Amino acid sequence: MKTTIAQAANYEEQTVTIGAWLTNKRSSGKISFLQLRDGTGFMQAVVAKNDVSENTFQLAKNMHQESSFYITGKIVEDKRSPLGYEMQVENIELIHEANDYPITPKEHGIEFLMDHRHLWLRSKRQHAIMKIRNEIIRATYQFFNDNGYVKIDPPILTASSAEGTTELFHTKYFDEEAYLSQSGQLYLEAAALAFGKVFSFGPTFRAEKSKTRRHLIEFWMIEPEMAFVDHDESLEIQENYVSFIAQSVLKNCQLELAALHRDISKLEQIKAPFPRISYDEAINLLKEKGFSDIEWGEDFGAPHETAIADHFDKPVFITNYPADIKAFYMKPHPDHPEVVLCADLIAPEGYGEIIGGSQRIDDLELMKERYEQHGLTGEAYEWYLDLQKYGNVPHSGFGLGLERTVAWIAGIDHVRETIPFPRLLNRLYP
Ligand code: 4AD
Ligand code: MG
């Protein structure tokens, strides 16, 4: 019977065959312990001299890391291993003998590992991170599908920009100028007015000259957009969504969280509702915490966000930022037009902003004013004004950065490990 490591528990005391690679090995005179991986998981296989042919015993003893083979044996309980099972080997059929695999079980420097990202992905740590990423994506589709959202795919090549023009990747679109999308939002607003509740999941690009543990040049964003939903209602959707993904990972990624030594008590607290503080309150809190030179009107940096987040044990919404430091499409607060109906969701434990969202402007004259102020001229933005002209309604949306969310939930210091092939300021390889 051919099976996988993930399915092995279903075959206790039965003989199965698994296609696998060798990750590590320990041998003594009459016994070898092989550490296997097969893509679905990690398992130990025990090769005892008396149970196998001489050929298989020698093969096991001399095989190098990352050699591939079909391995056959009996699945038996092993309480000491995280998986709970191991294999008592009966036969090994070599597929490919690898030699001199560059990533050995010893420690390697980060640049070396990044240069070998195509191989590094095979490690137990990277496996755990990517499985958690996958679970967050799965839970995202479940959450929005269960709540009546339609998935809409905005274009990647665009003529307009949603988040300012300074961090755009330019490219030629035949004879026209085009950009790689920074956010699908403007298109999702059009879609929300056509389908009610929509969401997208796709890559976005920011030519940001930031070299921090939170910044990627290419990252993936989940962007929901909802018609007839105001700012407060949007915050409820956000906290329910983030709680749902945290609880889904807790439930479905126990082995992975354990492999990463994640403190799961911190994740167990991630249940809606989340605290909310206004930008004004955040300024006061920062002053109390010793950031004496922060002034109203300034944007927050990573140290400010961390100081605010440390005040709470759940993600915290910072609401109503000054209009001047936020995007052109945000709706002004009806009583305080100097601030906008927006919120950033700051993750706990120093992981920073994971969501940016707002209620959108729903007024043609005001939008025209914003176009003037932000220099949004030309044909590229004309279609977006149509949304204001024909049956506009209150609508809100937000964008969750997948990699920062993975970093937080998996407890990984740097976003470079949360995407299969990271694009960083100085890295386009592999
Ligand atoms: O706050 P941002 O810029 O918001 C938008 O793009 C809105 N148009 C979204 C919307 O309302 N539909 O980005 C949203 C999130 C951030 O909170 C952060 O998690 C992530 O995207 N993000 C990045 N992640 C990794 N690397 C970068 N350079 C990122 N820039 C933003
Ligand atoms: Mg933001």
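With respect to the conditions (1) touching an Asp or Glu at 6+ places or on another chain (Cβ under 9 Å); (2) closer than 15 Å to Ile354 by Cα; (3) not aliphatic (A, V, I, L, M), Glu225 lacks only one, and its number is (2).
Number of residues in segment 192-238 that are over 20 Å from Leu402 (Cβ atoms) and under 16 Å from the mean Cα position of the chain (by Cα) equals 0.
Among the residues of segment 358-411, which ones are assigned to a helix (DSSP H, G or I) and of a type in the set (Gly, Ala, Ser)? Answer for segment 358-411, where residues must be assigned to a helix (DSSP H, G or I) and of a type in the set (Gly, Ala, Ser): Ala380, Ala407, Ala410.
Just the residues that are part of a helix (DSSP H, G or I) and among the hydrophobic types (A, V, I, L, M, F, W, C), please, taken from segment 131-157.
Step one: list which residues in segment 131-157 are part of a helix (DSSP H, G or I), which gives 131-146.
Within segment 131-157, Ile132, Ile136, Ile137, Ala139, Phe143, Phe144 qualify.
For segment 100-107, the criterion of being out of contact with any Pro (no Cβ under 7 Å at 6 or more places or on another chain), surrounded by 15 or more Cβ atoms within 10 Å (Cβ to Cβ) and in the same structural domain as Lys389 (by TED's automatic domain parsing) is satisfied by no residue at all.
Among the residues of segment 46-62, is there at least one that is modelled with pLDDT of 95 or more and within 20 Å of Gln126 (Cα to Cα)? No; the residues of segment 46-62 include none that is modelled with pLDDT of 95 or more and within 20 Å of Gln126 (Cα to Cα). Restricting segment 114-157 to residues that are closer than 30 Å to Met226 by Cα and of a type in the set (Gly, Ala, Ser) leaves a set whose member that is farthest from the chain's Cα centre (by Cα) is Gly148.
For beta carbons closer than 6 Å, sequence separation of 6+ or different chains, a first residue in segment 321-339 that is more than 14 Å from Ser396 (Cα to Cα) and a second that is away from ligand 1 (no atom under 16 Å from the Cβ), the qualifying pairs are Pro322/Gly297; Pro322/Val339; Val339/His333. Among the residues of this structure, Ser160 counts as one that is closer than 28 Å to Leu428 by Cβ, away from ligand 2 (no atom under 16 Å from the Cβ) and not in a strand (DSSP E or B). For first residues located in segment 282-306 and within 20 Å of Tyr351 (Cα to Cα), partners that are among the β-branched types (Val, Ile, Thr) and lie 6+ apart or on another chain with Cβ distances below 6 Å form the pairs Ala282/Ile308; Ala282/Ile318; Leu286/Ile294; Asp299/Ile325; Glu305/Ile346. Of the set (1) at pLDDT 95 or above; (2) away from ligand 2 (no atom under 16 Å from the Cβ), all apply to His374 but (1). When segment 388-422 is filtered for residues that are more than 31 Å from the chain's Cα centre (by Cα) and either modelled with pLDDT under 95 or within 15 Å of ligand 1 (Cβ to nearest atom) (or both), nothing remains.
In segment 382-428, the residue that is surrounded by the fewest Cβ atoms within 10 Å (Cβ to Cβ) out of those that are of a type in the set (Asp, Glu) and away from ligand 2 (no atom under 16 Å from the Cβ) is Asp413. Filtering segment 24-54 to residues that are buried (at least 18 other Cβ atoms within 10 Å of the Cβ) and more than 17 Å from Ile75 (Cα to Cα) leaves only Lys25.
When segment 74-88 is limited to residues that are free of Cβ contacts under 8 Å to residues at least 60 places away in the same chain and within 15 Å of Arg37 (Cα to Cα), the one that is surrounded by the fewest Cβ atoms within 10 Å (Cβ to Cβ) turns out to be Ser81. Applying the condition of being in contact with a Lys or Arg (Cβ under 9 Å, 6 or more places away or on another chain), farther than 25 Å from Gln269 by Cβ and not aromatic (Phe, Trp, Tyr) to segment 218-229 and asking which residue is surrounded by the most Cβ atoms within 10 Å (Cβ to Cβ) yields Glu225. Only residues that are near ligand 1 (Cβ under 10 Å from one of its atoms), part of a loop (DSSP other than H, G, I, E, B), touching a Gly at 6+ places or on another chain (Cβ under 9 Å) and more than 19 Å from Gly375 (Cβ to Cβ) were counted in segment 164-206, giving 2.
Taking (1) out of contact with any helix residue (DSSP H, G or I) (no Cβ under 6 Å at 6 or more places or on another chain); (2) away from ligand 1 (no atom under 13 Å from the Cβ) in turn, Glu353 satisfies each apart from (2).
Looking at this structure, is Tyr371 over 25 Å from Ala309 (Cβ atoms) and of a type in the set (Phe, Trp, Tyr)? Working first, answer last.
On the way: over 25 Å from Ala309 (Cβ atoms): yes; of a type in the set (Phe, Trp, Tyr): yes.
So Tyr371 fits the description; yes.
The values are calculated or read from the model by the stated rules, or taken from the named source; none is laboratory data. Quick caveat, the model's predicted, so the values are computed rather than measured. No Cβ is skipped: glycine too gets one built from the backbone with ideal geometry, and neighbour counts run over all protein chains shown.
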